[in-house]
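Quick notes on the structure that follows.
The values are calculated or read from the model by the stated rules, or taken from the named source; none is laboratory data. Since the structure is predicted, the reported quantities are computational estimates derived from the model, not experimental observations. Reconstructed Cβ throughout: ideal geometry from the backbone, glycine too, with neighbour counts over all protein chains shown. Heads up: the accessible areas ignore ligands, DNA and RNA and are worked out on the full protein's heavy atoms, side chains in. Shrake-Rupley method; radii C 1.70, N 1.55, O 1.52, S 1.80 Å.
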Amino acid sequence: MRLDEHRIVVALGGNAILRSKQLNSYTEQYDNIRRTCEQIVQLIAEGYQPVLTHGNGPQVGTLLIQNEAASHLVPAVPLDVCGAETQGQIGYMIQQALKNALRARGLARPVASIVTQVLVDADDPAFATPVKPIGPFLPRAVAEQRMRDKREVWTEVDARGWRKLVPSPQPLGIVEVDVVHALLDVGAVVIACGGGGVPVLRRPDGRFEGVEAVVDKDSAAARLALEVRAAALLILTDVPGVAVDFGKPTQQFLRRVTLSELEGLLVREPFSAGSMGPKVRAAYRFVHDGGGQATICALEDALEGVRGRAGTLVVPNDAMQLSFQM
Ligand code: ADP
Ligand code: MG
């Protein structure tokens, strides 16, 4: 696979848009996105072409609360449509903030968000065991009614109540990838696969159809990075990198690991399923399938992360000591 050496897929974590304990207000989201775009502009100023992707957990959570609260007034918005709505919503905010940040640096680039569908397999084992909690905590009686009437899967989380679980299947392909390529060819900054993309199934007759599931945003980012032949995958989050013994006195952040070192680690180290696990596996998948290098680092370290000077860098086994640098 010939990689485009300037192209980097950047996966923005929750903190790029909303910090923990914030109330999901739009002033806060705009402030955070503005700060995030400063980081993206630094990459562009250095000659990289970022392709952006982002999470959408809190925003979909808000839509699902609205569904519950307005259920006697309007039909509920299905989960696939919530995914599409939040791609537009977050994409719009990033487009505006990025344009403004570019302009302030005397730079100009076309910026566009693509409402992205991600192909998943109806036979993916994930459909048999929903694991991804979504939406508000509700009382046991409501959960039992939904399990009975709508055949949904719910689980009791804690004293706050019950939550619905949906499957988290693997992304197999990106339906709009040709459009993403066309925009990249004219030098655009593209925002795609937001919230992991809207998961769709392909029916035997070839038709696409939205499905109630959530594709992990880091796995979708790895898929996107492979499909656009990016040289690097950059996963930006709220910790300095990947730690072994995370949260223990012996905790240590990893600096640079080769694919085979990471293979060993994935066997030994129980990376958390809902947070660091998907990032480490996305980094592994990307480098394993022919990508150049993957970095997991703090949002503020984006450029240093790409240069291999911050965060955790995952490289192929035959990588030279020098990392990706322009
Ligand atoms: P994002 O929104 O960026 O995807 P997540 O909350 O999903 O963020 O993942 C980042 C979080 O993963 C960190 O805030 C940290 O608390 C947690 N984490 C779990 N295990 C590890 C680990 N081994 N090393 C570093 N962080 C970890
Ligand atoms: Mg996450």
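Kindly list the number of the only condition in (1) open to solvent by 30 Å² or more (accessible area, probe 1.4 Å); (2) at pLDDT 95 or above; (3) part of a helix (DSSP H, G or I) that fails for Val239.
(3)
Being within 28 Å of Gln66 (Cα to Cα) and in contact with a Cys (Cβ under 7 Å, 6 or more places away or on another chain): is that true of Ala143 here?
Numbers: within 28 Å of Gln66 (Cα to Cα): yes; in contact with a Cys (Cβ under 7 Å, 6 or more places away or on another chain): no.
So Ala143 does not fit the description; no.
Is one or more of the residues making up region 312-320 open to solvent by less than 40 Å² (accessible area, probe 1.4 Å), in a helix (DSSP H, G or I) and either polar (S, T, N, Q) or within 16 Å of ligand 2 (Cβ to nearest atom) (or both)?
no
Please determine, by comparing only the residues of region 63-114 that are among the hydroxyl-bearing types (Ser, Thr, Tyr) and over 16 Å from the mean Cα position of the chain (by Cα), which one is surrounded by the fewest Cβ atoms within 10 Å (Cβ to Cβ). Spell out how you get there, then give the answer.
As a first pass, look at region 63-114 and keep what is among the hydroxyl-bearing types (Ser, Thr, Tyr): 71, 86, 92, 113.
Restricting the remaining residues to those that are over 16 Å from the mean Cα position of the chain (by Cα) gives 71, 92.
Details: Ser71: 10, Tyr92: 12.
Here the residue is Ser71.
Please pick out the residue among Val120, Val115, Val81 that is at pLDDT 95 or above, closer than 17 Å to Pro169 by Cβ and not charged (D, E, K, R).
Values: Val115 fails: closer than 17 Å to Pro169 by Cβ; Val81 fails: closer than 17 Å to Pro169 by Cβ.
Among Val120, Val115, Val81, only Val120 is at pLDDT 95 or above, closer than 17 Å to Pro169 by Cβ and not charged (D, E, K, R).
From the list Asn24, Asn15, which one is at positive phi and polar (S, T, N, Q)?
On the way: Asn15 fails: at positive phi.
Selected residue: Asn24, the only one of Asn24, Asn15 that is at positive phi and polar (S, T, N, Q).
Among the residues of region 252-283, which ones are buried (at least 17 other Cβ atoms within 10 Å of the Cβ), within 16 Å of ligand 2 (Cβ to nearest atom) and assigned to a helix (DSSP H, G or I)?
Met276, Pro278, Lys279, Val280, Arg281, Ala282, Ala283
Looking at the structure I just gave you, is Phe208 away from ligand 1 (no atom under 16 Å from the Cβ), open to solvent by 60 Å² or more (accessible area, probe 1.4 Å) and aromatic (Phe, Trp, Tyr)?
On the way: away from ligand 1 (no atom under 16 Å from the Cβ): yes; open to solvent by 60 Å² or more (accessible area, probe 1.4 Å): yes; aromatic (Phe, Trp, Tyr): yes.
In short, yes.
Can you confirm whether region 21-33 contains a residue that is loosely packed, with under 15 Cβ neighbours inside 10 Å, touching a residue at least 24 places away in the same chain (Cβ under 8 Å) and touching a helix residue (DSSP H, G or I) at 6+ places or on another chain (Cβ under 6 Å)?
Yes, there is a match, as at least one residue in region 21-33 is loosely packed, with under 15 Cβ neighbours inside 10 Å, touching a residue at least 24 places away in the same chain (Cβ under 8 Å) and touching a helix residue (DSSP H, G or I) at 6+ places or on another chain (Cβ under 6 Å).
Gly57 fails exactly one of the following numbered conditions: (1) under 29 Å from Glu5 (Cα atoms); (2) surrounded by 15 or more Cβ atoms within 10 Å (Cβ to Cβ). What is the number of that condition?
Against the list (1) under 29 Å from Glu5 (Cα atoms); (2) surrounded by 15 or more Cβ atoms within 10 Å (Cβ to Cβ), Gly57 comes up short only on (1).
Gly197 passes all but one of (1) without any contact (Cβ under 8 Å) to a residue 24 or more places away in the chain; (2) open to solvent by less than 30 Å² (accessible area, probe 1.4 Å); which number fails?
For Gly197, the failing item is (1).
Take region 289-302 and flag every residue that is buried (at least 18 other Cβ atoms within 10 Å of the Cβ) and more than 12 Å from ligand 1 (Cβ to nearest atom).
Gly291, Gly292, Gln293, Ala294, Thr295, Asp301, Ala302
What are the pairs, 6+ residues apart or on separate chains, where a residue within region 259-285 that is basic (Lys, Arg) has its Cβ under 6 Å from a residue that is within 16 Å of ligand 2 (Cβ to nearest atom)?
Correct list of pairs: Lys279/Asp218; Lys279/Ile235; Lys279/Ile296; Arg285/Ala222.
Quick check on Leu233: is it surrounded by 15 or more Cβ atoms within 10 Å (Cβ to Cβ), more than 16 Å from ligand 2 (Cβ to nearest atom) and not in a loop (DSSP other than H, G, I, E, B)?
Numbers: surrounded by 15 or more Cβ atoms within 10 Å (Cβ to Cβ): yes; more than 16 Å from ligand 2 (Cβ to nearest atom): no; not in a loop (DSSP other than H, G, I, E, B): yes.
Judged against the criteria, Leu233 is not a match.
From the residues in region 121-145 that are open to solvent by 90 Å² or more (accessible area, probe 1.4 Å) and in contact with a strand residue (DSSP E or B) (Cβ under 7 Å, 6 or more places away or on another chain), which one is farthest from Val166 (Cα to Cα)?
Arg140
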